[in-house]
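Asker: Sharing a structure with you now.
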Amino acid sequence: MDLKLEGKRALVTGSNSGIGRAIAQMLAAEGVSVVVHGRDRARTQEAAADIKSKGGKAAVALGDLMADASADEVAKAALNAFGGIDILVNNAGGHATQTVGWFSISAEDWLATANMNVGAAVRMIQRLAGPMKERGWGRIIQIGSFSGRSGDSGDYPAYSAAKAATESLSFVLSRELKFSGVTVNTVAPGLIATEGFELYLDGASKHLGMTREQATTHTAITIMNQKVKRLGVPEDVGRLVAYLASPHADFITGTTLRIDGGAFPSA
């Protein structure tokens with residue numbers, strides 16, 4: 001299917017590795033001019049160079065999205081790179097602390113986690129959604145998590161709460177932008193085998209006395225309760241985001257699409 005994305009311009013936050021990088025690569029492969037964002041200059045430039053080496057168009061925006069001033073710089077760089085942004089993918093996020101347990105995490109760390117996941121997204125939306133609305137077309141896609149709805153974040157409840165807020169943000173924003181031609185959705189991945197998780201699988205296979213393939217299946221079925229034996233990979237998320245970013249998805253807005261191998265119920 002031709003996704004009809006040729007000539008569109010995208011900013012993917014947190015796209016110098018993992019899921020964000022796969023999203024940027026997938027959009028670039030569909031003809032989108034992609035602004036790769038990150039805080040580490042070398043990694044971000046390498047990710048952009050990789051896209052260019054494959055015939056894609058890419059630029060770089062560097063900065064921390066947890067403060068207004070640096071978010072201004074990221075937005076400015078993104079807008080200047082290709083003359084505007086049609087597609088905003090808010091992928092940047094994570095844990096503000098490695099402290100675990102509901103009552104062990106300080107209130108400051110709860111707020112920092114919310115800022116890292118929700119505040120960062122809000123800053124980019126406030127800076128980039130207006131021109132989309134004026135042009136009558138745009139896509140805003142949030143990267144959430146299965147834990148935002150399941151609450152099954154284990155020792156990291158602040159992250160789970162932040163991702164639940166991400167879903168709500170998309171729903172509310174879709175109402176604000178109704179009839180504008182700008183759609184807003186959340187993609188909620190389950191367990192995705194990024195680079196870091198590959199290291200976990202190596203250790204788990206040794207600990208459990210299994211082959212790596214057996215450890216992968218054990219993680220997918222027994223631990224994650226998936227209905228698909230394999231683990232998700234970043235490219236799975238990239239393909240879904242590329243579709244949502246396309247004109248083919250203009251009847252989808254204000255919703256969350258899970259991509260978790262059937263691990264969690266939709267309700």
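Values in this text are rule-based calculations from the coordinates and carry no lab data. Note that the structure is predicted; figures quoted are calculated from it, not measured. Backbone-built Cβ (ideal geometry, glycine too); neighbour counts: all protein chains shown.
Asker: Scaled to the compact-protein estimate 2.2 N^0.38 Å, what is the alpha-carbon radius of gyration of region 55-142, rounded to two decimal places?
Answerer: Taking the Cα Rg and dividing by 2.2 N^0.38 Å, one obtains 1.27.
Asker: Put a dot 7 Å past each Cα toward the Cβ at Arg43 and Val172; how far apart are the dots in nm?
Answerer: Taking the two extended label points, one gets 3.0 nm.
Asker: For the chain, I need the span (max minus min coordinate) of the C-alpha atoms along each principal axis, in Å, sorted largest to smallest.
Answerer: Result for the chain: principal-axis Cα extents of 55, 42, 38 Å.
Asker: Taking 30 Å as R0, compute the FRET efficiency from the Cβ-Cβ separation of Thr217 and Arg239 and round it to 0.05.
Answerer: The calculated FRET efficiency here is 0.85.
Asker: Assign unit charges at the C-beta atoms only (+1 for Lys and Arg, -1 for Asp and Glu), then state the dipole size of the chain relative to its Cα centre in Debye, rounded to the nearest 20.
Answerer: In debye, rounded to 20, the chain gives about 560.
Asker: Taking the Cα centre of region 166-267 as origin, sum charge times position over the Cβ atoms of Lys and Arg (+1) and Asp and Glu (-1), and report the length of that vector in debye to the nearest 20.
Answerer: 260 debye
Asker: Another one. In nm, give the distance between the simple-model label positions of Asp202 and Asn80, each being 7 Å from the Cα along the Cα-to-Cβ direction.
Answerer: 4.0 nm
Asker: A further question follows. Percent of Cα-Cα pairs per 5 Å bin, from 0 to the last occupied bin, for region 1-58, please list those.
Answerer: Bin by bin from 0 Å, the calculated values are 4, 24, 34, 23, 10, 3, 1.
Asker: Helix-only estimate, please: 222 nm mean residue ellipticity of the chain, summing -39500 (n - 2.57) across DSSP H runs of length 4 or more and dividing by its residues, to the nearest 500.
Answerer: -14000 deg cm²/dmol
Asker: Now for a separate question. Could you give me the ³J(HN,Hα) list for region 116-132, computed from phi with Karplus coefficients 6.51, -1.76, 1.60 and θ = phi - 60°, whole Hz, x at Gly and Pro?
Answerer: Coupling constants for region 116-132: 5, 9, 9, x, 4, 5, 4, 4, 5, 4, 4, 8, 10, 6, x, x, 4 Hz.
Asker: Still on this structure, I have one more. Which peptide among 52-61, 15-24 comes first, and what is the full order, when sorted by highest mean count of other Cβ atoms within 10 Å?
Answerer: Packing order, densest peptide first, comes out as 15-24, 52-61.
Asker: Over the chain, calculate the relative contact order: mean separation of alpha carbon pairs under 8 Å at least 6 apart, over the residue count, as a percent.
Answerer: Relative contact order here is 19 percent.
Asker: A further question follows. Kindly express, to the nearest 10 degrees and within the range 0 to 90, the angle between helix 234-245's C-alpha long axis and the longest C-alpha principal axis of the chain.
Answerer: Helix 234-245 and the main axis of the chain meet at about 30 degrees.
Asker: Could you please state, rounded to a whole Å, how far the C-alpha centre of region 191-267 is from the C-alpha centre of region 7-52?
Answerer: Cα centroid to Cα centroid, the span is 21 Å.
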